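Note sheet for the following structure.
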Amino acid sequence: MKKPFLERIKESVLLLDGAMGTQLDAHGIAPGECHEEWNVSHPEVVKQIHADYIRAGSQAILTNTFQGTRWCLDRHGLGDRVGEFNSAALRLARKAAGKGRYVVADIGPTAQFVYPLGEKRQDEFAEVFREEISFLTDGADAIAIQTMTALEELVAGVRAAKQTRLPVIASMSFTPDVGKGYRTIMGVSIEQMVRQLEEEGVDGIGTNCGTVDIADVVKIVRQMRQLTSLPILAEPNAGRPIIVGETTVFDQTPEIMAVHIPALAVAGANIIGGCCGTTPDHIRAFAEKSGIETP
Ligand SMILES: [Zn+2]
């Protein structure tokens, strides 16, 4: 019998999966195509990717719903299919995870700015997140709101997610800021993030993606751990992004990344996975060389 998610992550490090986008690319999704639509049009591919991660050792998997809000889907003219895509994603992940592994509902940024930088108010963001989340709760073990750079948007997501009974983890993407440590591109410091999220009553905080590599992520997690006793999620990219022509490349190998995994756990990470550029081979290396026990 599987333990409740929060109980499990407080016990020992939980190994999450790696990137979904990179894997969809490898399976032929075209640039600019809607990833969430593939939950319906290519369910066998999404299922296969989940299965590949589980075979590699992932004890938890993220749903293919990162850009599944109405506002994100609107950019593909698919805004009225929020329920269809998100429900399908949850079904696929749940099936792949079976009874023994965890499914984490993945919520990403809307690519809009909260008023006054943008036109939409914070409560409108919360409503858009609430709509997506309403299709992800029945069968998920937790909700992760990820890759956020603006605190107002993250808080809107947290407030929407807190309306469910599921544990809520809130994660931001950092970039090195000379002389100031790490900040998000919207200028949020680790300290500001932790303070605000503790006030919002989140169940876990974290960092994923960003223009940092795994060695930076070890430092970010260490700083978070000095500020909070909340569980911490860490999903480093496969290296700092490198722009080659019109594409972005992530070039850290599974072996290079895996070397840092024990340090990441010691720094205070409770959930470890991979973001952009990481593959099932990365997760396999994390599982084999990190001391994380996988069934
Ligand atoms: Zn990423």
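The values are calculated or read from the model by the stated rules, or taken from the named source; none is laboratory data. Note that the coordinates shown come from a computational prediction; the quantities given were computed from them, not determined experimentally. So basically every Cβ, Gly included, is an ideal-geometry build from the backbone, and we count neighbours across all protein chains shown.
Some values worked out for this structure:
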{"read-out": "Number of the condition not met by Q146 [criteria: (1) within 16 Å of the ligand (Cβ to nearest atom); (2) assigned to a helix (DSSP H, G or I)]", "value": "(2)"}
{"read-out": "The stretch 141-185 - residue that is over 19 Å from E235 (Cα atoms), more than 16 Å from the chain's Cα centre (by Cα) and among the charged types (D, E, K, R) and, of those, surrounded by the fewest Cβ atoms within 10 Å (Cβ to Cβ)", "value": "R165"}
{"read-out": "Pair list, Cβ under 6 Å, 6 or more apart: the stretch 1-30 residue under 19 Å from D281 (Cα atoms) and part of a helix (DSSP H, G or I), other residue within 16 Å of the ligand (Cβ to nearest atom) and among the β-branched types (V, I, T)", "value": "Q23/I49"}
{"read-out": "Checklist (1) under 19 Å from Q23 (Cα atoms); (2) not in a helix (DSSP H, G or I); (3) not small (G, A, S) applied to L136, failing item", "value": "(1)"}
{"read-out": "Count of the stretch 61-80 residues which are over 19 Å from the mean Cα position of the chain (by Cα) and outside any helix (DSSP H, G or I)", "value": "4"}
{"read-out": "Any hit, the stretch 38-60, residues being in a helix (DSSP H, G or I), within 16 Å of the ligand (Cβ to nearest atom) and within 22 Å of A287 (Cα to Cα)", "value": "yes"}
{"read-out": "Selection status of A105, in a strand (DSSP E or B), under 15 Å from F5 (Cβ atoms) and within 16 Å of the ligand (Cβ to nearest atom)", "value": "no"}
{"read-out": "Odd one out for I271, checked against (1) within 16 Å of S58 (Cα to Cα); (2) surrounded by fewer than 19 Cβ atoms within 10 Å (Cβ to Cβ); (3) in contact with a strand residue (DSSP E or B) (Cβ under 8 Å, 6 or more places away or on another chain)", "value": "(2)"}
{"read-out": "Matching entry among G268, G206, G187, G210 (being in contact with a Phe, Trp or Tyr (Cβ under 6 Å, 6 or more places away or on another chain), at pLDDT 95 or above and of a type in the set (G, A, S))", "value": "G210"}
{"read-out": "Residue satisfying all of: in the stretch 172-226; among the charged types (D, E, K, R) and within 16 Å of the ligand (Cβ to nearest atom); farthest from I243 (Cα to Cα) among these", "value": "D216"}
{"read-out": "The stretch 225-254, residues that are surrounded by 12 or more Cβ atoms within 10 Å (Cβ to Cβ), free of Cβ contacts under 8 Å to residues at least 60 places away in the same chain and among the acidic types (D, E)", "value": "D251"}
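Here's the yes/no breakdown for (1) of a type in the set (K, R); (2) over 26 Å from G204 (Cα atoms):
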| residue | (1), (2) |
| --- | --- |
| A19 | no, no |
| L24 | no, yes |
| E44 | no, yes |
| I54 | no, no |
| Q67 | no, no |
| D74 | no, yes |
| S87 | no, no |
| R94 | yes, no |
| A97 | no, no |
